[in-house]
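Please read the structure below before turning to the comments.
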Amino acid sequence: VMSSSSSSVLETEIFQYIDVHQSDFIEELRKWVAVESDSVQPHLRKEVIQMMGLAADRLAALGATVNSVNLGSHQLPDGQDLPLPPVILGELRRDAHNPTVCFYGHVDVQPAKKEDGWKTDPYTLTEINGACLVVRNLYGRGATDNKGPVLAWINAVETFKALKLAMPVNFKFVIEGMEEAGSLGLEKLLEEQNQGFFSDVDYIVISDNLWLSNKKPALTYGSRGNACFFVECGDKDLHSGTFGGIIHEPMTDLMALLDSLVDTTGRIQIPGIYDSVAALTEEERKLYELIEFDLEEHKNNSGVKKFLYGTKEEILLHLWRYPSLSIHGIEGAFHEPGIKTVIPAKVIGKFSIRQVPHMDLSVVKQQVVEHLEGVFSKRNSPNKLKVSMPLGAKPWLADVNDPLYKAARRAIKRVFGEDPDFIRDGSTVPVARMFQTITQKSVIMLPIGAADDGEHSQNEKISRHNYIEGTKVFAAFFLEISKLH
């Protein structure tokens, strides 16, 4: 364990090296962004596999031992077999007395085409001045999700090596190429490696999300789960001129069912759905008061004119720690331009519930089924009702008082000069829950991208500032973790 004064001198030397070499780090990101590693579209699978090779080479250059684990193949809906990209398990060990930190990241990306509304070629990293001239943004698919953060972590490790400094911690890496397509094969691999690769891991770090604000750093300590439902009504297509007015129409039944789910204030109308939601504690309420969140900025980032709630606290509570229900679409209904006077035979409504800690998936499913069956029975319809839950992912929650979070908080304050916001994510982060459940280790989500980075969107970017200062945060974090032991 080093003293704070020697740690401070060391940090200054490390930060100077990162500043001096920032154009090298950006050049490396340019090479990674140039690979169209889109895991969603089958014809680009070769590029994903090529990207895994680049990442493996980059880790090997650090001196890490690299094991590219073959996961076999998966079958597409059309019956075609497609190879899965390997998962990289990397290891850089120096000292058995040091704590071991495992970093998870992914190097596959969402689809992107220039004609979809990108101002620049999505696979050519392009630096452009932001709205405020001091901000320079690096535009490109994967810049923030997740190639930029993965490289920032590697750059931070490389800085210690280049300066011939003793590594403050031992490093392990899990890098995959199927995150955007559901992390196929990852869970099985983690279970198989739990007694081996993960046995000496102390902490797991994920940097695959964003701050809540454009300017203020954040640490994420929770995410909601997601349960997807299909509700199916009906049997056979009929002509509205011949049968309209004399039958129970499946679409009308479905509309009534979907309409019964949520009221105009966004509150879910399914009895019992809120019963398991934990009561808000005073300590937690204080966390919400301290968070920097600009309603107007959030509206501008999302293009929304009005929210259901008028205060910061109410919006964040309903986004993070209360469940929500969204209706996504109807399969089987006529949706082409023009009109077709058919009574659709079988229609399937699709909706999902983002659940929060303490909500049990099997109980949620039962509550949904009972509610829909109750509404349906009152309609006296002869149509068939079928409710299914094809997908269920659980929520994740960490302890903000865990030493790992305190270490990250100190690292952020050292680099950015202010304490981070402690935030949750309203979406679902299956990988955080997966790592925590399987390995039973401390997991932290440490984002370096800003709220307006546009992950999954057109014109995705990371600012030069966040990429470089994020690299410094990771380096300072290594030193802070070493002080825990």
Subject >> Computed over the range 17-84: relative contact order in percent, which uses C-alpha pairs under 8 Å that are six or more apart >> reply: 18
Original post:
Could you give the angle, 0 to 90 degrees to the nearest 10, between helix 250-259's Cα long axis and the longest principal axis of the Cα atoms of the chain?
Top reply: 50
Original post:
So if R0 is 60 Å, what FRET efficiency would GLU284 and ILE246 give, r being the distance between their Cβ atoms, rounded to the nearest 0.05?
Top reply: 0.60
Original post:
Tell me, Kirkwood radius of the range 142-224 from alpha-carbon pair distances, in Å?
Top reply: 15.4
**OP:** Please report, largest first and rounded to whole Å, the three semi-axes of the ellipsoid equivalent to the range 343-388, where each semi-axis is the square root of five times an eigenvalue of the C-alpha gyration tensor.
**Re:** 25, 13, 7
Subject >> Positive minus negative residues near PRO357 (Lys, Arg vs Asp, Glu; Cβ under 15 Å) >> reply: +1
Original post:
Taking Cα pairs under 8 Å and at least six residues apart, what relative contact order does the chain come out at, in percent?
Top reply: 24
**OP:** Quick one: divide the alpha-carbon radius of gyration of the range 84-164 by 2.2 N^0.38 Å and tell me what you get.
**Re:** 1.45
Original post:
In the chain, what percentage of the DSSP-assigned beta bridges are antiparallel, given to the nearest 5?
Top reply: 70
Subject >> Candidate residues SER8, SER39: accessible-area rank, largest first, probe 1.4 Å >> reply: SER8, SER39
**OP:** Determine by what factor the alpha-carbon radius of gyration of the range 1-140 differs from 2.2 N^0.38 Å, reporting the quotient.
**Re:** 1.35
**OP:** Could you order TYR104, TYR203 so the one with the most accessible surface comes first? Probe is 1.4 Å.
**Re:** TYR203, TYR104
Subject >> Degrees separating the helix 430-439 axis from the principal Cα axis of the chain, which is the longest one >> reply: 60
**OP:** Calculate what fraction, in whole %, of the accessible area of the chain sits on carbon and sulfur atoms when a 1.4 Å probe is rolled over the protein chains.
**Re:** 51
Original post:
Taking the Cα atoms only, what angle lies between the long axis of helix 45-62 and the longest principal axis of the chain, rounded to 10 degrees?
Top reply: 30
Original post:
Can you give me the pair-distance distribution of the range 219-363, C-alpha pairs, 10 Å bins, whole percents?
Top reply: 9, 30, 28, 19, 11, 3, 0
**OP:** Hey, could you get me the Stokes-Einstein D for the range 334-485, Kirkwood radius over alpha-carbon pairs, 10 °C and 1.306 mPa s, rounded to whole µm² s⁻¹?
**Re:** 79
**OP:** Would you rank LYS472, LYS441, LYS46, LYS340 by solvent-accessible area, highest first, keeping every protein chain in place and using a 1.4 Å probe?
**Re:** LYS46, LYS340, LYS441, LYS472
Subject >> Rg(Cα) / (2.2 N^0.38 Å) computed for the chain, rounded to two decimals >> reply: 1.07
Subject >> Environment charge at THR439 (Cβ cut-off 15 Å; Lys +1, Arg +1, Asp -1, Glu -1) >> reply: -2
Original post:
Which of the pairs LYS215/LYS286; LYS31/LYS461; LYS31/LYS472; LYS31/LYS119; LYS286/LYS472 have their Cα atoms more than 23 Å apart in this structure?
Top reply: LYS286/LYS472
**OP:** Tell me the Kirkwood hydrodynamic radius of the range 1-70 in angstroms, computed as one over the mean inverse distance between distinct C-alpha pairs.
**Re:** 15.0
Subject >> Efficiency of FRET between ARG410 and ILE339 - r from beta-carbon atoms, R0 60 angstrom, step 0.05 >> reply: 0.40
Subject >> Net charge over other residues, Cβ less than 12 angstrom from the Cβ of ARG136 (K, R count +1; D, E count -1) >> reply: +1
Original post:
Can you list the lysines whose alpha carbon sits under 23 Å from that of LYS340, skipping same-chain ones fewer than 8 residues off?
Top reply: LYS236, LYS350
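The values are calculated or read from the model by the stated rules, or taken from the named source; none is laboratory data. Keep in mind that this is a model prediction, so the values were computed, not measured. Please note: Cβ atoms are built from the backbone with ideal geometry, for glycine as well, and neighbour counts cover all protein chains shown. Note: areas computed on protein heavy atoms with side chains; ligands, DNA, RNA excluded. Shrake-Rupley method; radii C 1.70, N 1.55, O 1.52, S 1.80 Å.
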